[in-house]
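K.L.:
Sharing a structure with you now.
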Amino acid sequence: MFNGFSRLLTIVLTVSLSGTGSATTDSSHQELEQAYYQRHYQLLARKIQEIPSKDVRVEILEVALAVVTKQKNREAQLEALIKRHSNSAQVRYFAGKLWYQIKEQSSLFNKLGLVEKSNDNFILAAKLEPDNPQYLVAAAKAIAVTSGFWGSGKKESKAIVDKLANLDKRYYHLALMDYLQNTQNKEQAIKTVVTVQTEYKNDVELMNRAANLLWTFSEKDQSQQLFVESCKVKSMTIEQLPIWQEACMSSANLALQGHGDKKNAIKALARLLSVDQVKDEQYVDYLTAYAQLNAEIAEIPTAVTSYQQALKIAVDHSTQNSINKALKKLTK
């Protein structure tokens, strides 16, 4: 389940870059964002190296790249970034996201220290820019964790939700869904999901969050249907691409657990595979899920072809073994 954070880091980056000492055009900015969000990491690394003078936004992107590619010194790079820009709300916000991703990558049994670093940075970002709705949503979630939701954290989180109701309706609904999940208010949660489906049906982030909320309350058939609807959203910003990918895969994961409609999940994955064509381990996950679903509805040739495609790309030995076992069962 992907409640709140995905294993894929979702970062909104507004990058002003320089190739000759002056700000680059919007098209150059978009090119860098696309490289990051579409997982063209080697291309992005090369382009960053070509920039003679990096501003804070580029520095954030450089550290984000170090984290997502699991560079050995990624924690040191992040600490250095925070030290250089300790009073930057933007840096603190992204530091919160990056510490959380490092926590997800960590094999340590006790990851609480990394979670604390993440939450502390989210809270500080909102203190530095108290009217930034994006930072407020993250802070409300962090406060609920650090303060203990049934203590002062509940009161502080609710205050942020109420503030957002007047500040920004879109972010208000994101924060509200977090709050309703934390308070286990199923009745109000269902009503909020209906509102999101009606008023924000083309907003993949809100739709995805609503689907996760249903999943939390064990409304798994309805959740799967909403993930499918999220996957159908056609217009999104580049930074919403990981959220869209998550929605498509979540529709498949629930279908594989016996919830919702397998054929609709297959359609969602087919769209995902046609849009995201970076042949990496993430793409292998898409292909194997697609193969499993097709096998379950007896579309054996399609399942076999998908497994074979995945096998050509997979580099992890355990993944290769799992695919070979699945193929053996289908080709007996």
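K.L.:
Those residues that are part of a loop (DSSP other than H, G, I, E, B) and open to solvent by less than 60 Å² (accessible area, probe 1.4 Å), I need them from the range 209-229; list them, please.
P.N.:
If the condition is that a residue be part of a loop (DSSP other than H, G, I, E, B) and open to solvent by less than 60 Å² (accessible area, probe 1.4 Å), then Phe217, Glu219 are the ones that fit.
K.L.:
Could you list, in sequence order, the residues of the range 113-162 that are charged (D, E, K, R), part of a helix (DSSP H, G or I) and either modelled with pLDDT of 90 or more or open to solvent by less than 30 Å² (accessible area, probe 1.4 Å) (or both)?
P.N.:
If the condition is that a residue be charged (D, E, K, R), part of a helix (DSSP H, G or I) and either modelled with pLDDT of 90 or more or open to solvent by less than 30 Å² (accessible area, probe 1.4 Å) (or both), then Glu116, Lys117, Asp120, Lys127, Lys141, Glu156, Lys158, Asp162 are the ones that fit.
K.L.:
Quick check on my filter: what residues within the range 245-301 are outside any loop (DSSP other than H, G, I, E, B), without any contact (Cβ under 8 Å) to a residue 12 or more places away in the chain and polar (S, T, N, Q)?
P.N.:
Ser274
K.L.:
Can you work out which of the residues in the range 179-203 that are of a type outside the set (D, E, K, R), in a helix (DSSP H, G or I) and touching a residue at least 24 places away in the same chain (Cβ under 8 Å) is most open to solvent (accessible area, probe 1.4 Å)?
P.N.:
Of everything passing the filter in the range 179-203, Gln197 is most open to solvent (accessible area, probe 1.4 Å).
K.L.:
Could we say that Arg57 is modelled with pLDDT of 80 or more, out of contact with any Leu (no Cβ under 6 Å at 6 or more places or on another chain), open to solvent by less than 40 Å² (accessible area, probe 1.4 Å) and closer than 20 Å to Ile102 by Cα here?
P.N.:
Criteria not met by Arg57.
K.L.:
Here's a follow-up. Being farther than 23 Å from Pro130 by Cβ, open to solvent by 40 Å² or more (accessible area, probe 1.4 Å) and among the small types (Gly, Ala, Ser) is the filter here, so list the residues in the range 82-112 that pass it.
P.N.:
Ser107
K.L.:
Further question: Given Leu206, Leu176, which one is in contact with a His (Cβ under 9 Å, 6 or more places away or on another chain), part of a helix (DSSP H, G or I) and either farther than 22 Å from Gln240 by Cα or open to solvent by less than 50 Å² (accessible area, probe 1.4 Å) (or both)?
P.N.:
After applying the criteria, what remains is Leu206.
The values are calculated or read from the model by the stated rules, or taken from the named source; none is laboratory data. Quick caveat: nothing in here was measured; it's all calculated off a predicted structure. Counting neighbours? That spans all protein chains shown, and the Cβs are built from the backbone with ideal geometry, glycine included. Ligands, DNA and RNA are excluded from the accessible area calculation, which covers all protein heavy atoms including side chains. Shrake-Rupley method; radii C 1.70, N 1.55, O 1.52, S 1.80 Å.
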